[in-house]
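K.L.:
Got a structure here, written out as structure tokens. Questions coming.
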Amino acid sequence: MNYQDYIWDLGGTLLDNYETSTAAFVHTLQDFGLHASHDEVYKALKVSTDYAVRQFAPTNKDFLKTYKANEAKELEQPILFDGASELLAQIIQQGGRNFLISHRDDQVLEILQKTQISAYFTEVVTASNGFKRKPDPESMLYLKDKYQIQSGLVIGDRPIDIEAGQAAGFATYLFDDMKNLEKFVDIELEKE
């Protein structure tokens, strides 16, 4: 194992949520009499939710609230990327620690329970903690100081995750798929 501590992003890294978020966003656009293609919305959401709203519904003040409600309904059935749970468990088994930082509210805790991975995290930081959003490294510096992290890897699917991790002095990995990540962190998953 190349690192002792792993700081994870949730959406797009452990949780395969971009499809559900895109479906909720397109549905919300239709509710407001607007239209954008699935692919356009997907690409915009990969930048950020705020960016997507500015692109497709900049003058609709209630759009974000409605979209978040629709997205929450979609996320009632969260789906992890294949191999995510096994990798988290293997890190623990090999003496490592997992942490999670998300800009979402405490809905994250429900998602972790539903996907049965909450026990794999030493600490979960959400919007409720009050830290500035990534790319600000404030939440990562909090974890670094609290847990005396010396050998940490930040794993996320967007440039803001990488920027925050680097600013906090951590190694970083821009997530593309679980198999490549397993090779990068040099963890062999036990096969059943």
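The values are calculated or read from the model by the stated rules, or taken from the named source; none is laboratory data. Computed from a predicted model, the values in this text were never measured in an experiment. A quick note on method: Cβ atoms are made from the backbone with ideal geometry, for glycine too, and the neighbour counts reach across all protein chains shown. Side chains included, ligands, DNA and RNA excluded: accessible areas come from the protein's heavy atoms. Shrake-Rupley method; radii C 1.70, N 1.55, O 1.52, S 1.80 Å.
K.L.:
Explain nothing, just the number: relative contact order of the range 131-186, from Cα pairs under 8 Å at least 6 residues apart, as a whole percent.
P.N.:
Relative contact order for the range 131-186 comes out at 32 percent.
K.L.:
Compute the distance in nm between two label points, each set 7 Å from the Cα along the Cα-to-Cβ direction, one at E76 and one at K61.
P.N.:
3.0
K.L.:
Student exercise: in the range 29-155, how many lysine pairs 8 or more apart or on different chains have Cα atoms under 18 Å apart?
P.N.:
8
K.L.:
How much of the DSSP beta bridge set in the chain is antiparallel, as a percent to the nearest 5?
P.N.:
Once the DSSP bridges in the chain are tallied, antiparallel ones form about 5 percent.
K.L.:
Suppose R0 equals 30 Å; then what is the FRET efficiency for A119 and A69 from their Cβ-Cβ distance, rounded to the nearest 0.05?
P.N.:
Efficiency computed from Cβ-Cβ geometry: 0.55.
K.L.:
Still on this structure: Which of the DSSP-defined H helices in the chain satisfy a minimum axial length of 18 Å, computed from C-alpha atoms, and a minimum mean Kyte-Doolittle hydropathy of -1.0?
P.N.:
Helices meeting the criterion: 18-31.
K.L.:
While we're looking at this one, here's another question. To the nearest 10 square angstrom, what accessible area does D145 show with a 1.4 Å probe?
P.N.:
100
K.L.:
A further question follows. Ordering D31, D177, D9 by accessible area with a probe of 1.4 Å, largest first, what comes out?
P.N.:
D31, D177, D9
K.L.:
Here is a further query. Which number do you get for Rg(Cα) / (2.2 N^0.38 Å) in the chain?
P.N.:
1.05
K.L.:
In whole percent, what relative contact order does the chain give with Cα contacts below 8 Å and a gap of six or more residues?
P.N.:
Normalised by residue count, the contact order of the chain is 28 percent.
K.L.:
While we're here: Leaving ligands, DNA and RNA out of it, report the carbon-plus-sulfur percent of the accessible area of the range 17-75 at a 1.4 Å probe.
P.N.:
Looking at the range 17-75 in its full context, I get 53 percent from C and S.
K.L.:
To the nearest 20 debye, what is the magnitude of the charge dipole of the chain about its Cα centre, counting +1 on the Cβ of each Lys and Arg and -1 on the Cβ of each Asp and Glu?
P.N.:
580
K.L.:
May I pose another question? Taking the Cα-to-Cβ direction at Q166 and at D106 and moving 7 Å from each Cα, how far apart do the two end points lie in nm?
P.N.:
The modelled label-to-label distance comes out at 3.6 nm.
K.L.:
Evaluated at 4 °C with a viscosity of 1.567 mPa s, what Stokes-Einstein diffusion coefficient in µm²/s does the range 84-189 have when Rh comes from the Kirkwood expression over alpha-carbon pairs?
P.N.:
Value of D from the Cα-based Kirkwood radius: 91 µm²/s.
K.L.:
Sticking with this structure for a sec: Rg/Rh for the range 17-75 to two decimals, with Rh computed the Kirkwood way over all alpha-carbon pairs.
P.N.:
Computed over Cα atoms, the ratio is 0.90.
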